[in-house]
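Inspection log for the structure reproduced underneath, given as structure tokens.
The values are calculated or read from the model by the stated rules, or taken from the named source; none is laboratory data. Remember, it's a predicted structure, so these values are computed and weren't measured experimentally. As a convention, Cβ positions derive from the backbone with ideal geometry for all residues, glycine included, and neighbour counts pool all protein chains shown. In case anyone asks, the SASA skips ligands and DNA or RNA and just uses the protein heavy atoms, side chains included. Shrake-Rupley method; radii C 1.70, N 1.55, O 1.52, S 1.80 Å.
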Amino acid sequence: MSGYTQSQRLQGLPPYLFAELDRMKQEQVKKGVDVISFGIGDPDLPTPPHIIQALAAAAADPKNHQYPSYEGMLTFRKAAADWYRTRFGVSLDPATEVLTLIGSKEGIGHLPLAFVNPGDVVLVPDPAYPVYQAGTLFAGGETYCMPLTPARGFLPDLGAIPAAVAKRAKILWLNYPNNPTGAVAPREFLAEAVAFARRHRLILAHDAPYSEIAFDGYRPESILNIDGAKEVAIEYHSVSKTYNMTGWRIGFAVGNAQILAGLGRIKQNMDSGVFQAVQYAGIAALSGSQQCVADNCRIWQERRDVLIAALREMGFSVATPKASFYAWVPVPAGFTSSSFCADLLAKAGVVVTPGNGFGAAGEGFARIAFTVNVDRIREAMDRIRKLGIRGG
Ligand code: MLT
């Protein structure tokens, strides 16, 4: 059968950025190119053994082979709440203020379906993780882009949002430590965002999967550390980046119980929860020793330092990220984001992500995810150096 026309909502979407990058990479691999990919924020380090053991033991137990509960096992939600108390000093009721997700991406994509009606506005940073916009579009909402610029430290200017737009807005998305820019948000900004959400009675959805990947003694805060945040905010967390578990698909959202209940209702109708064995693995991750997280950070930091030093030596004026595993690199004069990334792939076999793939305001930048080892970072930088490309 042929002639199936995709829905207008799909026609309105560009190809999914990371699927597209993967396609381009595979094309080169098929040609026999030894591709070095900095394209996706997917840790190459293994999941710690105690987490794998917890999965294996739970997978062998027939009690875990049936449908899990929709909102997640209470023991998993309790582990998430305990982790929040230890890590951020925030108290959460595991029964109502923690919701288990099939990875935070799933909960991000579904949130607008619970709260956005056609014509409502969703405030989305630009550049940003593409799922904030895609979820808005699927719910029939309109995206209002908030540019993140170097001049403002990649924090949106909430004061510049027109009153008429703020009035129609249902959700404000924020994400710190930030993907793709690697920027971090000071407490004052988080407080300003909570005040904005309270003033305009909208949902503040803070996506925080990189909170544990931080360097030089910096410890990112939770949005729930801000007084009054629980009245308006939820925060997304994922074990994916913290414990090298992107393939396992488990995350959680915490905060305002009413917002989580709405998201949970969408999920009851769309999915059947997370495999219990994976939830037991999540419990092992959140409740076990956190030494593995510190060990990972040391590895990310070494890679960051090698990468940033090599880029600067080639003339790129790139900031040193305090958190996340992303470097946000201004492309050299004479290039666009796309032409720079295409050149690196075609001539050096190096995949980096074009900044404009994260939104129009990302034009002029490329994102480098340092999720490959130091030897491969050096090799990639050598290849780029040999092209004679100089940053400006
Ligand atoms: C990214 O590269 O931006 C992220 O890894 C994608 C994701 O988390 O889905």
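Details
- Scanning segment 1-54 for residues that are modelled with pLDDT of 90 or more, of a type in the set (Phe, Trp, Tyr) and within 16 Å of the ligand (Cβ to nearest atom) yields a single hit, 38.
- Residues located in segment 1-49, provided they are more than 29 Å from residue 368 (Cβ to Cβ) and under 25 Å from the mean Cα position of the chain (by Cα): 9, 10, 11, 12, 49
- Residues that are within 14 Å of the ligand (Cβ to nearest atom) and either touching a Cys at 6+ places or on another chain (Cβ under 9 Å) or open to solvent by less than 20 Å² (accessible area, probe 1.4 Å) (or both), drawn from segment 212-242: 213, 236, 237, 238, 239, 240, 242
- A single member of 32, 12 is open to solvent by less than 70 Å² (accessible area, probe 1.4 Å), over 30 Å from residue 281 (Cα atoms) and free of Cβ contacts under 8 Å to residues at least 12 places away in the same chain, and it is 32.
- Odd one out for residue 299, checked against (1) in a helix (DSSP H, G or I); (2) under 21 Å from the mean Cα position of the chain (by Cα); (3) in the same structural domain as residue 240 (by TED's automatic domain parsing): (3)
- As for segment 352-375, it holds no residue that is out of contact with any strand residue (DSSP E or B) (no Cβ under 6 Å at 6 or more places or on another chain), of a type in the set (Lys, Arg) and touching a residue at least 24 places away in the same chain (Cβ under 8 Å).
- Of all residues in segment 331-370, those being part of a strand (DSSP E or B) and either more than 21 Å from the chain's Cα centre (by Cα) or of a type in the set (Phe, Trp, Tyr) (or both) number 2.
- Residues in segment 53-60 include at least one that is outside any helix (DSSP H, G or I) and either of a type outside the set (Ser, Thr, Tyr) or surrounded by 11 or more Cβ atoms within 10 Å (Cβ to Cβ) (or both).
- Residue check, residue 171 at pLDDT 95 or above, of a type in the set (A, V, I, L, M, F, W, C), closer than 10 Å to residue 123 by Cα and open to solvent by 10 Å² or more (accessible area, probe 1.4 Å): no
- Residue list for segment 310-341, restricted to those being hydrophobic (A, V, I, L, M, F, W, C) and closer than 27 Å to residue 45 by Cα: 310, 311, 318, 319, 323, 325, 327, 328, 329, 341
- Any hit, segment 94-108, residues being surrounded by 22 or more Cβ atoms within 10 Å (Cβ to Cβ) and under 22 Å from residue 199 (Cα atoms): no
- Counting only helices (runs of 4 or more DSSP H) that sit completely within segment 82-197, those holding 3 or more residues that are closer than 18 Å to residue 256 by Cα and within 16 Å of the ligand (Cβ to nearest atom) correspond to 104-115.
- Here residue 338 fulfils each of the conditions (1) modelled with pLDDT of 95 or more; (2) of a type in the set (S, T, N, Q); (3) more than 20 Å from residue 208 (Cα to Cα) apart from (1).
- Residue tally, condition farther than 24 Å from residue 215 by Cα and either open to solvent by 70 Å² or more (accessible area, probe 1.4 Å) or part of a helix (DSSP H, G or I) (or both), over segment 380-392: 7
- Once segment 186-210 is narrowed to residues that are under 15 Å from the mean Cα position of the chain (by Cα) and without any contact (Cβ under 8 Å) to a residue 40 or more places away in the chain, the residue that is surrounded by the fewest Cβ atoms within 10 Å (Cβ to Cβ) is 208.
- The single residue among 370, 365 that is aromatic (Phe, Trp, Tyr) and open to solvent by 10 Å² or more (accessible area, probe 1.4 Å) turns out to be 365.
- Flag if residue 309 is away from the ligand (no atom under 15 Å from the Cβ), open to solvent by less than 10 Å² (accessible area, probe 1.4 Å) and of a type outside the set (Phe, Trp, Tyr): no
- Considering 325, 275, 358, 340, the condition of being of a type outside the set (Val, Ile, Thr) and in the same structural domain as residue 102 (by TED's automatic domain parsing) is satisfied by 275 alone.
- Check on residue 47, open to solvent by 80 Å² or more (accessible area, probe 1.4 Å) and polar (S, T, N, Q): no
- Considering (1) polar (S, T, N, Q); (2) in contact with a helix residue (DSSP H, G or I) (Cβ under 7 Å, 6 or more places away or on another chain); (3) free of Cβ contacts under 8 Å to residues at least 12 places away in the same chain, the lone condition that residue 279 does not fulfil carries the number (3).
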